[in-house]
């Protein structure tokens, strides 16, 4: 696929949501879907669906809609999730352990092939998924050997930057960060933050003001 | 605080990030911060910081900056996190259990006062935090009795909508949804979605295209 012009991030996020709905529709046996229905399912407006998909080509048939499986395959390719991605989790506390065993991730092609911690009680033990927990000092070797592309950080906040630096040094360019720490990253690297409390703050802000 | 005009959601998200950085600075003993420094810490530009804060009043002193503790208190008030919020978690699998014991949430005033499941092996047992797991049929009663304001959904995808409907029926207007299901909610209700895989899709999209 050729390198495209810069697409707005919300478009990528929505593509990911479209993909999930198409998957469900496909599972339920639907063959065609209109932009109206897809929009309704994803809680956006139909013009938005058409605009988002329009960045990547002409997928639908005017007046008929989209072929569910075909559109699914096309979005899969756009999002580059038509292949498997090896990930590593750093920080094997409760959240890290929950993620490690979260069915959703391998089902979507995100395979956790290595886990790291610094706790001497954990390093060297085996996870329920059969991985030997490594010390973060072993990261560089593991990243090369296991072709790890994405680092997932579930450490306590105070450790997050240090662990991120280990990932970057080991050649990882993409981090999914579950700690509330804002990671400082080199320009070449990507960090996506998942901070539950930020989302809770949005809810409380709106709840208090009655805004929707 | 009077009802304000509608503020862009990214502004609220950034306020939440500013707040976290101010907290860290306050902890480290800083008394003043410039918009440049706050912007750098939060990876936005200084004009953005000034614009975001400008929606809510005049907080800084031109050429001097912001008083760290004062700005922290003001944002706390804006986000309505200057009070405690009672939450309930539905779905006591690994992720739900990890969240229940996640230190970050009570530290920020989000107190989980009830937990729900449907598994007969879990209902009636006691969590490590001392809560008796209730059946979702008991939700309405619990929400009233315990003044629960926010529902957190950590069920399998197929159960998420049903549980959300229970929350809505019980009078909950705000949901934090960790399942990949897009919740259909009444107009009066708010849903914030935390879908890990959507964030991973954003990373893979960018990794493949070398975009930042």
(message) For Cα pairs less than 8 Å apart in space and 6+ apart in sequence, what is the mean separation divided by the residue count of the range B:9-78, i.e. the relative contact order in percent?
(response) 40 percent
(request) Tell me the distances, shortest first, between residue A:84 and the same position across the other copies, using label points 7 Å along Cα→Cβ, in nm to one decimal. (result) 4.7
(request) For chain A, find the longest principal axis of its Cα atoms and tell me its angle to the long axis of helix A:157-169, 0 to 90°, nearest 10. (result) 80 degrees
(request) Could you work out the per residue convex hull volume over the alpha carbons of the range B:85-198, in cubic angstrom? (result) 101 Å³
(request) For each of B:34, B:16, count neighbouring Cβ atoms within 10 Å of the residue's Cβ, then give the residues from fewest to most. (result) B:34, B:16
(request) Mind pulling the angle between the C-alpha long axis of helix B:68-78 and the longest principal axis of chain B? Nearest 10 degrees, somewhere in 0 to 90. (result) 50 degrees
(request) State, to one decimal in nm², a quarter of the convex hull surface area for the C-alpha atoms of the protein assembly as shown, i.e. the direction-averaged projected area. (result) 22.1 nm²
(request) Using the number of other C-beta atoms within 10 angstrom as an exposure proxy, rank B:36, B:23 with the fewest first. (result) B:36, B:23
(request) Would you compute, from DSSP H runs of 4+ residues alone, the mean residue ellipticity of chain B at 222 nm, taking -39500 (n - 2.57) per run and dividing by the full residue count, rounded to the nearest 500? (result) -13000 deg cm²/dmol
(request) Please report the base-10 log of the normalised intensity I(q)/I(0) for chain B, using a Debye sum with one equal scatterer per alpha carbon and no solvent, at each q in 0.11, 0.12 (1/Å). (result) -0.67, -0.78
(message) Please report the projected area of the range B:44-126's Cα convex hull averaged over all directions, in nm².
(response) 7.7 nm²
(request) Sticking with the crude label model, points 7 Å out along Cα→Cβ, report the distance from residue A:146 to residue A:165 in nm, one decimal please. (result) 2.3 nm
(request) Mind listing the label-point distances from residue A:103 to the same position on all other copies, shortest first, one decimal in nm, points 7 Å along Cα→Cβ? (result) 3.3
(request) Report the label-to-label distance for residue B:121 and residue A:62 in nanometres (one decimal), using points 7 Å from each Cα along the Cα→Cβ vector. (result) 5.7 nm
(request) List the residues of the range B:138-172 whose backbone N lies under 14 Å from a point placed 7 Å from the Cα of residue A:103 along the Cα-to-Cβ direction. (result) B:155-160
(message) Once you place label points 7 Å from the Cα toward the Cβ at residue A:207 and residue B:55, how far apart are they in nm?
(response) 1.9 nm
(message) Order these by the 10 Å Cβ neighbour count, fewest first: B:168, A:56, B:27.
(response) B:27, A:56, B:168
(message) So for chain B, averaging the separation of alpha carbon pairs under 8 Å that are six or more residues apart and normalising by length, what relative contact order in percent results?
(response) 13 percent
(request) Determine which chain A residue has its Cβ at minimum distance from the rotation axis mapping A onto B, giving the value in whole Å. (result) A:98, 2
(request) Find every distance from the label point of residue B:144 to the corresponding label point in the other copies (7 Å from Cα along Cα→Cβ) and write them in nm, one decimal, shortest first. (result) 6.6
(request) Specify the angular offset, from 0 to 90 degrees and rounded to the nearest 10, of the alpha carbon long axis of helix B:196-209 from the longest principal axis of the alpha carbons in chain B. (result) 50 degrees
(request) Specify, per residue and in Å³, the volume enclosed by the convex hull of the alpha carbon atoms belonging to the range B:13-79. (result) 73 Å³
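Quick note: the coordinates plus some simple rules give every number you see, no bench work behind them. None of the values given here were measured: they were computed from a predicted structure. As a convention, Cβ positions derive from the backbone with ideal geometry for all residues, glycine included, and neighbour counts pool all protein chains shown.
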